[in-house]
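Comments concern the structure below.
The values are calculated or read from the model by the stated rules, or taken from the named source; none is laboratory data. Note that the coordinates shown come from a computational prediction; the quantities given were computed from them, not determined experimentally. Please note: Cβ atoms are built from the backbone with ideal geometry, for glycine as well, and neighbour counts cover all protein chains shown.
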Amino acid sequence: MTPFINGNMRRPIITLTTDFGVKDPYVAEMKATILNISPNATIVDITHQIQKFNVRMGAYVLASASPYFPKGTIHVAVVDPGVGTRRQPILIQTKHSYFVGPDNGVLALAARNEQVEHLHKLTNRKLMLTKVSNTFHGRDIFAPAAAHLANRTPPAKFGPEINKIVIPRFAKVARRENMLIGEVIHVDDFGNIITNFGEKELELMEINNTINVKLENAKLELKLCRTYSEVQPHKPLALIGSHNLLEISINQGNASETFRVESGSKVTLHSP
């Protein structure tokens, strides 16, 4: 991938997704690092309001937003409770994008949705800040890597190629006889319960009009809808949401509060 469109150079795009919040200087330090190395980069904040240390939420948000950016965009995600430990700093090159961050699952959903071409461990100290702290790899390793990528440094220069990354539990669905077992991957601000089941899983279960769902505190038989308004206000429903994942919702209500469900809660689907 190169930063060319129709033969013309365009400004490279770097996105940032973190749990840093906005009151501290951490995000500004990452941006300053990027701009010192790649002054022409366009930096886009996906969000810095990921719940602290919530890798699952970071992975979901990144995977939801990244497909809508232009080809060749460089995505940096830093939700890194294991910073300074043996977890690897990595670069993932896909058919569409680059992903830079810790190998703790935060990049896994986004990379899975695109065709992965190469995986590299970030080891080249020449492509990091001169002094690398034990607690701020976002500024000292990941931001410089993104900036050097924006300057068209080949991925192979960053470190050795590796053959696998961490695939977290929230990226997996288990099948047992007539059921699928997954989990809640995110609860949005409307209280919609977003699961890790996609359309393919529903096809495997031959689910068409209704769906049997078991939550930790409720058993539900729900109409599988196309829109929220297909049921009366304050009635529950299921649908494939805008990110192609099964959602359990209440029309004009809060499903998470009603059914006492939070991110990470177990969800089971049963055949009709």
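Quick notes on this structure:
- Considering only residues in segment 148-170 that are touching a strand residue (DSSP E or B) at 6+ places or on another chain (Cβ under 7 Å) and in contact (Cβ under 8 Å) with a residue 60 or more places away in the chain, the one that is surrounded by the fewest Cβ atoms within 10 Å (Cβ to Cβ) turns out to be Ile162.
- Considering Thr130, Thr123, Thr135, the condition of being part of a loop (DSSP other than H, G, I, E, B) and free of Cβ contacts under 8 Å to residues at least 24 places away in the same chain is satisfied by Thr130 alone.
- Scanning segment 138-189 for residues that are part of a helix (DSSP H, G or I), touching a helix residue (DSSP H, G or I) at 6+ places or on another chain (Cβ under 6 Å) and closer than 30 Å to Glu203 by Cα yields Phe170, Ala171.
- Residue match in segment 198-213 (condition: assigned to a loop (DSSP other than H, G, I, E, B), out of contact with any strand residue (DSSP E or B) (no Cβ under 9 Å at 6 or more places or on another chain) and farther than 22 Å from Val76 by Cα): yes
- From the options Leu220, Leu246, residue that is surrounded by fewer than 19 Cβ atoms within 10 Å (Cβ to Cβ) and aliphatic (A, V, I, L, M): Leu220
- Matching entry among Val100, Val55, Val78 (being under 23 Å from Lys157 (Cα atoms) and touching a Gly at 6+ places or on another chain (Cβ under 7 Å)): Val78
- Which listed residue is in a loop (DSSP other than H, G, I, E, B) and over 24 Å from Ala63 (Cβ atoms), from His243, His234: His234
- For segment 86-115, the set of residues classified as aliphatic (A, V, I, L, M) and in a strand (DSSP E or B) consists of Ile90, Leu91, Ile92, Val100, listed by residue number.
Here's the yes/no breakdown for (1) within 22 Å of the chain's Cα centre (by Cα); (2) farther than 30 Å from Glu262 by Cβ; (3) not assigned by TED's automatic domain parsing to the domain that holds Arg10:
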site	(1), (2), (3)
Lys131	no, yes, no
His148	no, yes, no
Ile185	yes, no, yes
Ile211	no, no, yes
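- Considering residues of segment 63-85 that are in a loop (DSSP other than H, G, I, E, B) and surrounded by 24 or more Cβ atoms within 10 Å (Cβ to Cβ) only, the residue farthest from the chain's Cα centre (by Cα): Asp80
- Residue, nearest to Leu269 (Cα to Cα), within segment 213-236, restricted to residues that are among the charged types (D, E, K, R) and within 26 Å of the chain's Cα centre (by Cα): Lys214
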